[in-house]
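To keep things clear, I will list the structure first and then write my remarks on it.
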Amino acid sequence: MAQALDPHAAIVTTASGAEDGKLTTADGKPLAWALKRSQLKAKRRAFLLVLPLLAFILITFVIPIGQMLQRSFYNDGFSANMPQISQWFAENERGTPPDEAAWTALANDLIASAEDRSIGVVGTRINYDVPGTRSLFTSTGRKVRRGIEPPYREALLEIDEEWGDSRLWSAMRNAATPVTANFYLASVDRTRTDDGSIQQVDERQRVYVMLFMRTFWLSLLITALTFVLGFPVAHLLATLPMRKSNLLMILVLLPFWTSLLVRTTSWMVLLQQQGVINDILVWLGVIGGGQRLQMIYNQTGTIIAMTHILLPFMILPLYSVMRTINPSYVRAARSLGATSWTAFRRIYFPQTLPGLGAGALLVFILAVGYYITPALVGGSSGQLISNMIAMHMTDTLNWSMAAALAALLLASVLILYWLYDRMVGIDNLKLG
């Protein structure tokens, strides 16, 4: 009995199966190898469990987004269907005037493209750079199918004088290579001139930079408004007794149970000039009957509706952090002579920063990509870049331009997230 209780004897018994001083399992295999094999089995089992979800995300999310982003720099609508003129552009430097060989190559490609019915694709690609040229290609394609005789320059100019436009030839040269940065240039209101240099587009055509600036500005403003409105609500929810807090939490979560379209439409009823809010202001005598406020189909409508819709996304992260803050910290500060404002500013508020950062990041990212609400209540001055992306997807069918705008928006959001992550890391390092 004494030997069984001896710790030295226990060690000897445990290591009795070891070889060369290494621990082994009951079947004589090295213990380290057995542990590694067990961990490998656990990882394989976990991977097989998440494999269906991973495959679903890859097939329905990652691959489609990757294909869409590829369109932002790859478009072979012209180069694949007009090989001869594309080859001429590749063999001649930019600025070289089109000779008879170029006109011959153009005529042959137009005939071949018209016969295989891809002339519409070619015209659509050039129409992205020179609006109105799709009809030029399709009408010319119908005529050259009936036959065209050399010299091709005179024959094509006789069909339509626009074939001699230098802008058209410059656009065809830019489209002669499937890989292009022109869509990204257009996304920042830039264009490539005939000599290859980059310059700003005409002032009346500068739209995208303004929309990007408006999108980020309104997103920041909406994020700030949700913080101002959501912080007191989250504090109230965190300090009330659990029964009352749960009841109020239902009111916060209630918008999630209502369709986004219904909520936006409700704001249209409330904010219009003959709507509920204006009627109440007129009834109270705040404004006259002819002074009704224009609160919809502008930036005001976008800000009000989006702030209401995104407010719960700020309240919930703040509440989750505030609920864990010990109230004795503030009471201790007050007992040591700190004022209410000092205790809030130096004790309570710093502890809510993780929730504030999460809520602000969530609201900002959602606001940047919002589409339905600005489309319904924003009007012309309340539209965001997402509405322009949708327009290129559904109306102009310029998917390459939509993909370039989406890529820039995604890159901007990722950069902002990286900066936020760096700031949080630096703050945690200082606190440590």
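Scoring Ala114 on the criteria (1) in contact with a helix residue (DSSP H, G or I) (Cβ under 9 Å, 6 or more places away or on another chain); (2) open to solvent by 40 Å² or more (accessible area, probe 1.4 Å) leaves a single failure, condition (2).
Quick one: would you say Leu229 is touching a helix residue (DSSP H, G or I) at 6+ places or on another chain (Cβ under 7 Å), open to solvent by less than 20 Å² (accessible area, probe 1.4 Å) and assigned by TED's automatic domain parsing to the domain that holds Ser380? No: the conditions fail for Leu229. Residue-level check: of (1) in a loop (DSSP other than H, G, I, E, B); (2) of a type outside the set (Lys, Arg); (3) on the phi < 0 side of the Ramachandran plot; (4) touching a Phe, Trp or Tyr at 6+ places or on another chain (Cβ under 7 Å), Gly359 misses just (1). Taken as a whole, the condition of being of a type outside the set (D, E, K, R), touching a helix residue (DSSP H, G or I) at 6+ places or on another chain (Cβ under 7 Å), at pLDDT below 90 and assigned by TED's automatic domain parsing to the domain that holds Leu384 does not apply to Met242.
Each residue in region 329-356 was checked for being within 28 Å of Phe212 (Cα to Cα) and not in a helix (DSSP H, G or I), and 0 pass. Tallying residues that are open to solvent by 40 Å² or more (accessible area, probe 1.4 Å), farther than 21 Å from Thr215 by Cβ and either hydroxyl-bearing (Ser, Thr, Tyr) or free of Cβ contacts under 8 Å to residues at least 40 places away in the same chain (or both) within region 282-318 yields 11. Residues that are of a type in the set (Asp, Glu) and open to solvent by less than 50 Å² (accessible area, probe 1.4 Å) within region 99-111 comprise just one, Asp109.
The one condition from (1) open to solvent by 40 Å² or more (accessible area, probe 1.4 Å); (2) touching a helix residue (DSSP H, G or I) at 6+ places or on another chain (Cβ under 7 Å); (3) aliphatic (A, V, I, L, M) that Leu218 does not meet is (1). When region 129-155 is limited to residues that are surrounded by fewer than 19 Cβ atoms within 10 Å (Cβ to Cβ) and acidic (Asp, Glu), the one that is farthest from Arg190 (Cα to Cα) turns out to be Glu149. Inclusion of Ser79 among residues that are outside any helix (DSSP H, G or I), closer than 16 Å to Ile126 by Cβ, open to solvent by less than 80 Å² (accessible area, probe 1.4 Å) and touching a Ser or Thr at 6+ places or on another chain (Cβ under 7 Å) is warranted. Cβ separations smaller than 7 Å between residues 6+ apart or across chains give the following pairs from region 33-54 residues that are open to solvent by less than 100 Å² (accessible area, probe 1.4 Å) to residues that are outside any helix (DSSP H, G or I): Ala34/Thr25. The requirement of being of a type in the set (Val, Ile, Thr), surrounded by 15 or more Cβ atoms within 10 Å (Cβ to Cβ) and modelled with pLDDT of 85 or more is not satisfied by Ile250.
For region 179-196, taking the residues that are open to solvent by 50 Å² or more (accessible area, probe 1.4 Å) and hydroxyl-bearing (Ser, Thr, Tyr), the one that is farthest from Asn298 (Cα to Cα) is identified as Thr191.
Considering region 137-216, the qualifying helices (runs of 4 or more DSSP H), each wholly inside and each with 2 or more residues that are among the small types (Gly, Ala, Ser), run over 166-175, 182-187.
The values are calculated or read from the model by the stated rules, or taken from the named source; none is laboratory data. Because the structure is a prediction, the values reported are computed rather than measured. Glycine gets a Cβ as well: all are built from the backbone with ideal geometry, and neighbour counts include every protein chain shown. Just the protein is used for accessible areas: all its heavy atoms, side chains included, with ligands, DNA and RNA removed. Shrake-Rupley method; radii C 1.70, N 1.55, O 1.52, S 1.80 Å.
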